[in-house]
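Here is the structure we will look at, set down as structure tokens.
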Amino acid sequence: MLTTKEAGRVLGVKDSRVRQFIGQGRLVAVKRGRDLWLRESAVEEFRRQRERNPPKPGYPKGRPRKPREG
């Protein structure tokens, strides 16, 4: 079992991003006390999926850019 921080190190992202993946249902976690725990095998499988289909670079969807003034 891994914490969100440990899972983030495996995935190369911050622990807040791991919590986003959990909230989106892309990763499954178990809450024990105040901590979220993830199965190591699930994190490894998720990492392999991301390697096969890497996220597209650029600005995140659904978040409009502010126009530059000047």
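The values are calculated or read from the model by the stated rules, or taken from the named source; none is laboratory data. Being a predicted model, the structure only gives us computed values, none of them experimental. Ligands, DNA and RNA are stripped out before the accessible areas are found, and what is left, the full protein with its side chains, is counted by its heavy atoms. Shrake-Rupley method; radii C 1.70, N 1.55, O 1.52, S 1.80 Å.
For this structure, a couple of remarks:
- The residues Val43, Val28, Val10, sorted by heavy-atom accessible surface at 1.4 Å with ligands and nucleic acids left out, run Val28, Val10, Val43 from largest to smallest.
- For Leu36, the residues whose modelled amide H falls within less than 5 Å of its own, excluding neighbours fewer than 5 places apart on the same chain, are Thr4.
- Ranked by solvent-accessible area (1.4 Å probe, protein heavy atoms only, all chains present), the residues Ser41, Ser16 order from largest to smallest as Ser41, Ser16.
- Solvent-accessible area per residue, Å², over the chain with all protein chains present [probe radius 1.4 Å]: 87 Å²
- Split the accessible area of the chain by element, probe 1.4 Å, and carbon with sulfur accounts for 47%.
- Cα-based Rg of the chain normalised by 2.2 N^0.38 Å, two decimals: 1.34
- Those lysines that a straight Cα-Cα span of less than 26 Å connects to Lys56, excepting residues fewer than 8 apart in one chain: Lys5, Lys14, Lys66
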